[in-house]
Amino acid sequence: MRIIVLGYIVRGPLGGLAWHHFQYVLGLRLMGHDVYFVEDSDDYPACYNPELGVTSEDPSYGLNFISTLFSKFGINDRWVYYDAHLSSWLGPCREKISEICKTADIIFNISGVNPLREWFQNIPYRVLIDTDPVFTQIRHLTDKKAMELARQHNSFFTFAEKINDADCLIPKDGFNWKPTRQPIVLDVWQKTPGNKFASYTTVMQWDSYKEQTYNGFVYGMKSLSFKEFMYLPQKTTETLELALGSVTAPNKLLKSLGWHIINPLEVTKTPWRYQQYISESKAEFSIAKHGYVAAKTGWFSERSACYMAAGRPVVTQDTGFSELFEANKGLFVFSSPDEVTEIFEEINLDYSGHCNAARELVGIYFNSYSVLENLIGNIKDSNFK
């Protein structure tokens, strides 16, 4: 099939974001589909330049970033960028984008961060993939523009894998959501021997945006989840490192409590540096957004899946996904600081075994072929009601 992946790389030229969106492109291509990556500037300044630390209408940094990424895999003729500020198409597919849109079978709007312009409206399957559950649904219910964009799609999938369970607290927004998860192309993640004396690491935003309140429930960011675990470094001999973003992050306080804090831009500058950082880690220790936990979404981090693909164990806060995945070797869940320290001890008893198990689990649950085959197979049954 001819498939358009509508994503976010030019505007967010960072290692983690790039892998998040690019693995859809590469995974579909490896399945034999005719795949193109398309990105829209949207109608406001949204292009981030990490070297200058500014956001503007200028996509030049991101255009160089995406060209390097796609060229690395020999598919530099498979992407295009629409600059709405100039009303022009940029990139190698600019001359044939009209024909691509007219003949496409499916468009995947990853995270719903692109508008559906008129040239997309006649594509038979317009698929919205929600990667930020509970917050996405609240936006639909409280933001007219967000709801209007969502209604332009006709198939709906979410990383909230428990969305249809009775104990999931995601508000109903009128869309027939079905579960999906991040596809991981295993061949691009080299499994190397882990170093049991290295640090537990993660890459995170303290506050991605403001917390949301709906029907009396508060759905917060990682900053709210983190409060209970602030003193964790004092309960363990393990080194805990955060590549921590957000101007609201209390870096000085965290350092005083024993956390190692580094600049996330240093380890996300390129897709390859991001992979290197993961490989140099002992494992991942990660807090989830409070909203994911409070709503019992079953969400699982695409970043954590990448750690596992590199053969690094993951220790992460439970959002309900432990009901779906094996989480007792290579992957562990916790709800309290005491559980975390016990898990650290268990990992040390068989570190190499947990590294191997992490890689095996990601192959079982996140293999791009299986994830994407299931996604495509379920599109027809997920139309808007």
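Structure notes:
- Residue that is nearest to W299 (Cα to Cα), among those in the stretch 171-190 that are open to solvent by 10 Å² or more (accessible area, probe 1.4 Å) and aliphatic (A, V, I, L, M): L186
- Residue within the stretch 209-223 that is under 25 Å from A358 (Cβ atoms) and buried (at least 18 other Cβ atoms within 10 Å of the Cβ) present: yes
- Selection from the stretch 145-171 of residues that are part of a helix (DSSP H, G or I) and within 29 Å of A288 (Cβ to Cβ): K145, A146, M147, L149, A150
- Cβ-Cβ under 7 Å pairs, at least 6 apart or on other chains, the stretch 340-367 side over 19 Å from T192 (Cβ atoms), far side among the acidic types (D, E) and modelled with pLDDT of 95 or more: F344/E238
- In the stretch 307-336, the residues that are among the charged types (D, E, K, R) form Cβ pairs under 7 Å with partners that are part of a loop (DSSP other than H, G, I, E, B) and open to solvent by 10 Å² or more (accessible area, probe 1.4 Å), at six or more places apart or across chains, as follows: R312/G194; D318/S335.
- Scanning the stretch 145-158 for residues that are in contact with a Lys or Arg (Cβ under 6 Å, 6 or more places away or on another chain) and either open to solvent by 30 Å² or more (accessible area, probe 1.4 Å) or more than 19 Å from D42 (Cβ to Cβ) (or both) gives N154, F157.
- Residues that are within 16 Å of A283 (Cα to Cα) and either in contact with an Asp or Glu (Cβ under 8 Å, 6 or more places away or on another chain) or of a type in the set (A, V, I, L, M) (or both), drawn from the stretch 233-260: L240, L242, A243, W259, H260
- Taking the conditions (1) in contact with a Leu (Cβ under 6 Å, 6 or more places away or on another chain); (2) within 18 Å of P193 (Cβ to Cβ) in turn, L331 satisfies each one other than (2).
- Qualifying positions in the stretch 121-144 - more than 17 Å from L6 (Cβ to Cβ) and open to solvent by 10 Å² or more (accessible area, probe 1.4 Å): R139, H140, L141, T142, D143, K144
The values are calculated or read from the model by the stated rules, or taken from the named source; none is laboratory data. Given the structure is predicted, the values throughout are model-derived calculations rather than measurements. Ideal geometry is used to build each Cβ from the backbone, glycine not excepted, and the neighbour counts take in all protein chains shown. Each accessible area value is taken on the protein alone, full model and side chains, heavy atoms only, with ligands, DNA and RNA left out. Shrake-Rupley method; radii C 1.70, N 1.55, O 1.52, S 1.80 Å.
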